[in-house]
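Every number in this text was worked out from the coordinates using simple rules, so none of it is lab data. Computed from a prediction, not measured in an experiment: that's the story for all the values here. For neighbour counting, all protein chains shown are included, and Cβ atoms are generated from backbone atoms with ideal geometry for every residue, glycine included.
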There are 2 protein chains.
Amino acid sequence: MQTKTLKIIPLGGLGEFGMNCLAIRWEDDILVIDAGLMFPETELLGVDVVVPDISYLVENKAHVRGILLTHGHEDHIGGLPWVLQELKVPVYGTEFTLAYVEGKLEEHKMLDEIDLIEIQPKKKFTIGPFTIEPIRVTHSLVDCVALAIDTPVGVIIHTGDFKIDLSPPDGKPFDLHTFAEYGKRGVLALLQDSTNVERHGYTPSEWAVKPRLDELFSRTQKKLFFSCFSSSIYRIRIALELARTHGRKVAVIGRSMNESTEIAQDLGYLDIPPGLIINPGQLRDFPPEKLMLLISGTQGEPMSALSRAAVDTHKHAKIEPGDTVILSSRIIPGNEKSIFRVIDHLYRRDANVICDDGSSGLIHVSGHGSREEMRLLINLVRPEYFIPVHGDYRYLRQHAQVAEETGAIGGAIVIEDGDVLEVNQQQARKNGKVTAGRVLIDSGSTIDVVEDLVIKDRRTLSEDGIVLAVLALNKKSGLVERLPEVVMRGFGGSDITEPAREVVMRCLDSLSPEEKADYGVVKEKVRVELKRFIQKSTGRRPMIMPVVMEI
Amino acid sequence: MQTKTLKIIPLGGLGEFGMNCLAIRWEDDILVIDAGLMFPETELLGVDVVVPDISYLVENKAHVRGILLTHGHEDHIGGLPWVLQELKVPVYGTEFTLAYVEGKLEEHKMLDEIDLIEIQPKKKFTIGPFTIEPIRVTHSLVDCVALAIDTPVGVIIHTGDFKIDLSPPDGKPFDLHTFAEYGKRGVLALLQDSTNVERHGYTPSEWAVKPRLDELFSRTQKKLFFSCFSSSIYRIRIALELARTHGRKVAVIGRSMNESTEIAQDLGYLDIPPGLIINPGQLRDFPPEKLMLLISGTQGEPMSALSRAAVDTHKHAKIEPGDTVILSSRIIPGNEKSIFRVIDHLYRRDANVICDDGSSGLIHVSGHGSREEMRLLINLVRPEYFIPVHGDYRYLRQHAQVAEETGAIGGAIVIEDGDVLEVNQQQARKNGKVTAGRVLIDSGSTIDVVEDLVIKDRRTLSEDGIVLAVLALNKKSGLVERLPEVVMRGFGGSDITEPAREVVMRCLDSLSPEEKADYGVVKEKVRVELKRFIQKSTGRRPMIMPVVMEI
C-alpha cells in the first residue's frame, strides 16, 4: 500500500476571486502554478494591489523548482514581481504569456535575474519528479494552457482558466483529444476553473459577438470608440477587422492597450495591414466617420484613457455629440459605480453608449466555460478526485456539486487557501494548514507613467510611517471647503506638515470640476503628489491614505 | 396668449438614484412631491444617509404648502425628518405610507409638530391653486399612488414608482381607467419613473414568484430563512401563506421586519392566523422542519440580523447544516461585496442559499415597470410634455427616447436636479437653476437600537471637529497589529486622545474573528463606541471617520 502522498496546497484564489497561486509538492520538490494578483476593495485606502502570502514557499525556498503559468491574465501572473523578489526560480509559460511577463519584469528591473522558459502545448518536459504536458485550452486570451502533471502517484490536471470555444478566432482549438486520452488512461485529480459555475448551458464562442458589432459599426455616423480589456486579443482582432471593413482608421489609446496590441502583433495574433493604425496625433486629419479609437478603461478606472475622455481631459480622445462608445466587456463586481459614472459623463457629451446590459445584443462573451462545459471536461477526464479552483467559497461548493452530478468522478473535495490536501491512489484527505493570506502592495504609481519601480508590502511601508490626507470637498460647488489636513505618524526629523498641505492644495487646485467630483481621481492624484513630495524631502516611502470628506 | 408658467423643479433623484424630491410652483404656491434619502457610497466615511439640499425650499419657506408622498419607500420618505426640521408643513400620504412616516417621526420626536393628512385614491383635494387626485398604482409596496395635479395651466401627472401589475396580491389593481380619462381630457406633462428603462418587455406580477417559492418550501428539510426587503409586503404575505400551508411556524427577526409586518397587519395587508407567529425565544421549542424565520438583511448590511446569523453572533437566528436561506430580493448596485460575503459565510455553515441569480427560478420580481409598461402608460396619458424622473442621467435620456418612440407625446424634456422647467400650454423650457445637491447626514446610530435621535448635517458636524480612527488589522490572523491611532482636530479643551484609543482598543477586542474580518462591522462598531465616548466626555458630536488599514 502507498503511504507517500502528493500535497496540493492552494495559496491564493480558492475562497476568493483573483491572486491565483497553488503549490504541488512531492517530498522535497515543489511546483507552483500561477502567481496572480487581485485589486483591492475600495475600503483598503492607499493600496495598489493584493498578492498572496507566500510564506510557505519562502520557508521552503530550497525546494521550489519553478513557477508554471497557465496564461497571461493579471490574476495569474500579476503577483510575479512580488513572488520573484523572494524566490529566484525559473518561470514556465507559453510564448504569449511570457511576452506579458517580460514586460512586467522589465518594468520592475528584474528581467535579467529570472529564467523564462517557453513551453508549448503537447511538448512534455520534466522538473524533478514531475513530467508536465501543457494542453491547449481556449479562453478570452490567446495561448492558454491547462497543465497535465504526471507525479509518482498519478496524473493531476489543472485546467487554468478555460472555456470550450469550438471556433476560436485564431483557429487554435481546445484540445479535447488530449484531455480524452488522459481520461482514458486515468487521472488522479482534476483541478478545474469554477468562475462561471452559476451560469447554465454553454458560453458562446468569441466569434459570437461579431454580427452585433458589425451592425453597430454600420450604424455609427461619427467616431467610434471601442473599449475592451486590453488582454482581450480576440476582441481586439475582431474590432480591427471591422474597422478595416468599414473603412475606419484606428488610433490605439491608453498604455495597456498599446502594449497588448504590440505584443499580439509581434507574435502573429493580430494581422494588421499597413496604414490601418494611425498615431493619436493624426486623429484630426480624418473625418469622424473614418475613425475608430481602440481605448482602454472599460472598468471606469479613474485614470484610464476612457475615463479621461469622458470628462474631456484626454489630449487626443475627444468625445463629440453623435460619437458611439462600445464597452465590449463585463462589469467586474465592485466597479459598478465607477463604470456608471463614466457612462453618465458620456451621455452628457451626447455620445451613444453601447454596453453589455443584456438588451444591446451580444457585444461581449465570457472567457470562462459555463456549467455544461465544466461537465463536458469532467466527462472527458473522469478523475478520481475533483477539486474546484478559482472562486469564492460558494462557487467552489457549487462546482463540487456540479461535478458530483456528472457521476463521472470518484469524489469532489473543496479546499481553500492554506489547506494541505494529501492525495495518493488510496485516498485524499485534508491534513493541516500552512500560512496563507493576503499581502497588500504599494507598487508606486498607478498613473499611466511608471515612475517608481519599487514594490513594497504594506507591513514594511507602515514602518516608514503613515500619512493621512483629509480633503474636505463640496461636491456641488467643487470647492475645497477647508485647508486639507495632513496627519503624519512615525516620522522623525523636521515637520513637513505645512508644505505637504500646500502640495495637496495645489494638486486640488489643478483638477477640473468634473475631476473633483470623481473621488477616485481626487484620491489617486493627491496620493501620487504627496508621495513624490515626501520621498523627495525625506527619502521615505510612507503609506499614504487620502480620505475624502464631502461636506 | 398665456405668459404665466408653472415651474417644475427637481431637487433630488433626477441624475442619480434615490433621494427623490421635486417641487412644483405656481406663482407663490409650492408643492413638494416626496422627500427621500439615499445611502452613501462607501467612500463617504462616517455618513449614515444622504438627503437632498433643500435650500430652495428653505428660501421660499413661506410659500411651501405641503409635501405629497407617492409611497412609503425610503427613497421617497426617508428625508422627511430632515426636511421637516426646516419646514413645518403638512404631509399628505395614503394610510399605509403615513404609518411608515409616523414611525419615523416618532423616532425623531417630531410627531406632534407635524400635520399628517391621509389621502385616498380617487378622492380629490385642493391645496392653493392645485387640485390633486391620487391614482392607485401598483409597485412592490402597497398603497402606492400616482398624483394628478390640476394646475392653472393644465394637468400634470407624477407616476411615483410603479409597475403595471395585473394581479396584485391584495387585489387592488393599477387604475388604468383614471389614467385613460386624464389622457382623453388632455395632460400637460407626465413625469414618469425611469428605474427599469433598461429592461425590455413587461415586469412579471408579484404573484409570479409563488410557484418557485412553493417548490423551495416543499423541498426544504430543515429550517427555512426567508429574507426580503422589509417593505416588500406582498412578498412577506406570500411567504407567510406558504409557511402556513407547509406547516411552519414563523419567527420575525430584525427590527425593520418587525415594524413593517406589524404595520401591514394593523392595516389589513397581512392576514395572519393566530398561532402562526412565534417569539424568537420559542424557536427552540419546534423541530427545524416546522420553522420559518422571516429575517431582514438581504443587502448584506453588516449589522443586520441575517449578517449576524451568518457569522453566528445572532442570539436567536442560528444557521445549521441543511438549513435553507432564500434571498428574495435583488442586489442593489454597490452592495455586491457585502452580500457575497454573507452568502459565503452561509455556505461555510452548510446552508443551502437560494438567491436571485437568474438560474434559481423566479424568486424575486422588480417593483418597477419595464419598457412596455412605460410605453403603455404613455399611450394612455398622451401628455404634451414627457419628463423622465428617478434615475441616473443615462436612464433619463433613454427614457426620453423610449417615450419619443411611442409617437404619443408632444415632446420629451430631460431635466436634472436644480433645473427650473417652465411650462404652460404654449411651451416648456429650461430657465435657470436653483441650488441643488446632497447633504450628508449623521443620524446617530445605524445599529438596531436607536439611541440618538439628533440629525445633523455634515457641514454642521464638521464644526464640532473631526475624529479619525486608524485601525491596523491583520485580516488573516485577526490581530490588531498596532495600537489604534486616534487623530482629533477642532477640539478645544483637554486631550482625550489616549482614553479614546483605549475605547477603540476595547471595542476591537470585543469582536469575534469573523466580525473582525468584516470591515463594515468593524468600522460601524468603532464609530458608535467612539461617538458615545466623545459625546459623554466632551458633549460634542464630531464627525467620526474610522479608517481600516489592513497590514
Exercise for review: Give the peptides A:407-413, A:215-221 in descending order of average Cβ contacts within 10 Å, highest first.
Suggested key: A:407-413, A:215-221
Review point. Using alpha carbons only, what's the Rg to Rh ratio of segment B:206-354 with Rh from Kirkwood?
Key: 0.93
Review point. Which shape class applies to segment A:182-253: rounded if a/c is under 1.5, otherwise prolate when a/b exceeds b/c and oblate if not, where a ≥ b ≥ c are the square roots of the Cα gyration tensor eigenvalues?
Key: prolate
Practice item. Go through B:Lys7/B:Lys109; A:Lys104/A:Lys531; A:Lys337/A:Lys536; A:Lys104/A:Lys337; A:Lys222/A:Lys475; B:Lys475/B:Lys525 and tell me which ones have a Cα-Cα distance over 24 Å in this structure. Key: B:Lys7/B:Lys109; A:Lys337/A:Lys536; A:Lys104/A:Lys337; A:Lys222/A:Lys475
**Study point:** chain A, helix-only ellipticity at 222 nm - DSSP H runs n ≥ 4, -39,500 (n - 2.57), divided by all residues, nearest 500
**Key:** -8500 deg cm²/dmol
Check your understanding: What's the average, rounded to a whole number, of partner chain beta-carbon atoms within 10 Å of each residue's beta-carbon in B:392-398?
Key -> 5
Review point. Going by how many other beta carbons lie within 10 Å of each one, how would you line up B:Asp28, A:Asp34, A:Asp518, fewest first?
Key: B:Asp28, A:Asp518, A:Asp34
Practice item. Under 1.5 on a/c is rounded, so check that first for the protein assembly as shown, then, if it is not, pick prolate when a/b is larger than b/c and oblate when it is not; a ≥ b ≥ c are the square roots of the alpha carbon gyration tensor eigenvalues. Key: rounded
Review point. How far is helix B:336-348 tilted, in degrees, relative to the longest principal axis of the Cα atoms in chain B, given as a value from 0 to 90 rounded to the nearest 10?
Key: 40 degrees
Revision key, fill the gap. Averaged over residues of A:426-438, the number of beta carbons from other chains lying within 10 Å of each residue's Cβ is 1
Point to revise | For chain A: relative contact order, % (alpha-carbon pairs under 8 angstrom, 6 or more apart) | key: 16 percent
Practice item. Using only the Cα atoms of chain A, build the gyration tensor, take square roots of its eigenvalues as a ≥ b ≥ c, and label the shape rounded, prolate or oblate: rounded if a/c is under 1.5, else prolate if a/b is larger than b/c, else oblate. Key: oblate
Review point. Between segment A:191-214 and segment B:130-178, how many Å separate their Cα centres?
Key: 42 Å
Study note, to complete from the structure: Projecting the Cα atoms of A:Ile157, A:Ser230, A:Leu191 onto the charge dipole of segment A:142-295, where Lys and Arg contribute +1 and Asp and Glu -1 at Cβ, the residue farthest towards the positive end is A:Ser230
Check your understanding: Given label points at 7 Å from Cα along Cα→Cβ, what nm distances, shortest first, separate A:Pro321 from the same residue in every other copy?
Key -> 6.6
Point to revise | Calculated label separations, B:Gly128, copies of the chain, 7 Å along the beta-carbon direction, nm | key: 8.2
Practice item. Please list, or write none, the lysines whose alpha carbon is within less than 20 Å of the alpha carbon of B:Lys4, excluding same-chain residues fewer than 8 places away. Key: B:Lys430, B:Lys433
Check your understanding: Taking A:Lys123 as the anchor, which aspartates and glutamates have their alpha carbon closer than 12 Å to its alpha carbon, excluding any fewer than eight residues away along the same chain?
Key -> A:Glu133
Review point. Based on Cβ point charges of +1 for Lys and Arg and -1 for Asp and Glu, what charge dipole magnitude is obtained for the protein assembly as shown about its Cα centre, in debye rounded to the nearest 20?
Key: 480 debye
Review point. Treating the beta-carbon of each Lys and Arg as +1 and of each Asp and Glu as -1, no other charges, what is the dipole magnitude of chain A about its Cα centre, to the nearest 20 debye?
Key: 600 debye
Study note, to complete from the structure: The rounded separation in angstrom of the Cα centers of segment B:217-282 and segment A:258-328 is 55 Å
Check your understanding: Could you give, in nm with one decimal, how far A:Asn474 is from each other copy of that position, shortest first, with labels 7 Å out from Cα toward Cβ?
Key -> 4.6
**Study point:** Least to most buried among B:His345, B:His399, B:His314 (fewest other Cβ within 10 Å first)
**Key:** B:His314, B:His345, B:His399
Review point. For segment A:462-550, what is the charge dipole size about the Cα centre, in debye to the nearest 20, if Lys and Arg each add +1 at the Cβ and Asp and Glu each add -1 at the Cβ?
Key: 160 debye
Revision key, fill the gap. Non-local residues with an amide H under 5 Å from the amide H of B:Arg482, with H modelled 1.01 Å from N and Pro and chain starts lacking one, are B:Ala472
